[in-house]
Amino acid sequence: MTRDAWEARFADDIEAILALKKERNAVILAHNYQTPEIFHCISDIRGDSLALAREAESTDAAVIVMAGVHFMAETAKLMNMDKTVLIPDDAAGCSLAESITAADVRALKAAHPGVPVVTYVNSSVAVKAETDICCTSGNARRVVESLGVPEVIMIPDEFLAQNIQNETGIRMITWPGHCEVHERFTPGEIRQYRRLHPGVTVLAHPECPPDVVAEADYAGSTAGMIDYVGRSGASKVLLVTECSMSDNLAVMHPEVTFVRPCNLCPHMKRITLASIRKSLETMGTEVTIPPEMAARARQAVARMLAV
Ligand code: 13P
Ligand code: SF4
């Protein structure tokens, strides 16, 4: 396709999506890993998993389109059982959510009776329904500390749990789930970037292995990283996370040079302008959750939002 054809196609999709949003009384929630044309041109609300869960709870729109992955759409539905929640591509999964089942959680609870279960939102509704409280990368430390116990079962992200254990001293019983994007970073790679780009500020997502987080100047959720870039005044930044983050932030901070490793999330990248347009045209794919399971899972998410 020529450059002119690409531009025309983007413009055509963007115009159609903006009109369809009005017609359907819809909002588009976009995760920070969405590509710039989605993030900057058609979304109403942008953020990390925590912000998207909060916004999903408070929106007045009749339809929510999740430009993100399936567990994010499920969380939005949990908070709005009477609203229509659409995921533009039903196959937009997550390696963490797929690493564990409800039966696995029941077995962990049986092996560690009385130990509270903290579940990362990157999980299915069935897993959340077995859980005491949820967390995101933006509030994991606060959630764990709010329980006031010396030991918790923290699932499914082993590295997030280890990073929170290092920060809080609270003992973690973990599950061997990993993010396929963040597990690929290595400490040697970060040291190499520092050698090649003297003075670079390194920001890492807590889904990275602890030895990678140890090499960073800051670790936090995707929203935490965006805030940090805004307030730190750093002129050269390496984001140790999914690559669209740097593309989106480069638009917001043209004064900052972004060193760009590219670890791409194939699930996030299933969402495109074309799939969002189709979703609004056909009202598919609608996310549904069995009511009994929803009630139990919603409690775990609501407890998190209360913290
Ligand atoms: P955040 O909640 O930090 O946006 O992370 C979500 C995610 O999927 C990171 O891989
Ligand atoms: Fe899941 Fe990792 Fe993709 Fe986030 S980046 S959706 S944790 S696979």
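Assorted remarks:
- Checked against (1) open to solvent by 40 Å² or more (accessible area, probe 1.4 Å); (2) under 22 Å from the mean Cα position of the chain (by Cα), A295 passes all but a single condition, namely (2).
- Residue match in segment 27-45 (condition: of a type in the set (A, V, I, L, M), touching a strand residue (DSSP E or B) at 6+ places or on another chain (Cβ under 9 Å) and open to solvent by 30 Å² or more (accessible area, probe 1.4 Å)): yes
- Any hit, segment 8-15, residues being away from ligand 2 (no atom under 16 Å from the Cβ) and open to solvent by less than 20 Å² (accessible area, probe 1.4 Å): yes
- Segment 220-246 residues that are farther than 14 Å from G138 by Cα, paired with ones that are of a type in the set (S, T, N, Q) and more than 10 Å from ligand 1 (Cβ to nearest atom) (beta carbon under 6 Å, 6 or more apart): A234/T201; K236/T257; V237/T201; L239/S246; S244/T35
- When segment 96-151 is filtered for residues that are open to solvent by less than 30 Å² (accessible area, probe 1.4 Å), among the polar types (S, T, N, Q) and part of a loop (DSSP other than H, G, I, E, B), the ones remaining, listed by number, are N122, S123, T131, T136, S137, N139.
- Members of segment 163-180 found to be out of contact with any Asp or Glu (no Cβ under 8 Å at 6 or more places or on another chain) and in a loop (DSSP other than H, G, I, E, B), listed by number: G169, E180
- Filtered by the rule that a residue be in a loop (DSSP other than H, G, I, E, B), farther than 22 Å from S244 by Cα and not charged (D, E, K, R), segment 42-80 gives T59, A61, A62, N80.
- Filtering segment 135-188 to residues that are hydrophobic (A, V, I, L, M, F, W, C) and either touching a Cys at 6+ places or on another chain (Cβ under 9 Å) or at pLDDT below 95 (or both) leaves V143, V144, M154, F159, L160, I164, C179, V181, F185.
- Some residue of segment 8-23 being farther than 18 Å from N122 by Cα, part of a loop (DSSP other than H, G, I, E, B) and touching a residue at least 12 places away in the same chain (Cβ under 8 Å): no
- The set of residues in segment 181-199 being over 17 Å from A234 (Cβ atoms), away from ligand 1 (no atom under 16 Å from the Cβ) and assigned to a helix (DSSP H, G or I) consists of P187, G188, E189, R191, Q192, R195.
- Near pairs, Cβ below 9 angstrom, 6+ apart or cross-chain, from segment 110-127 (within 20 Å of F159 (Cβ to Cβ)) to any residue that is within 14 Å of ligand 2 (Cβ to nearest atom) and charged (D, E, K, R): Y120/D157; Y120/E207; N122/D157; N122/E207; S124/E74; S124/E98
- When L249, L239 are screened for being within 19 Å of E183 (Cα to Cα) and within 15 Å of ligand 1 (Cβ to nearest atom), only L239 passes.
- Residue in segment 51-86 that is least open to solvent (accessible area, probe 1.4 Å), counting only those that are among the charged types (D, E, K, R) and in contact with a helix residue (DSSP H, G or I) (Cβ under 6 Å, 6 or more places away or on another chain): E74
The values are calculated or read from the model by the stated rules, or taken from the named source; none is laboratory data. Since the structure is predicted, the reported quantities are computational estimates derived from the model, not experimental observations. Positions of Cβ are generated from backbone atoms using ideal geometry, with glycine treated the same way; all protein chains shown enter the neighbour counts. Accessible surface areas use protein heavy atoms only, side chains included; no ligands, DNA or RNA. Shrake-Rupley method; radii C 1.70, N 1.55, O 1.52, S 1.80 Å.
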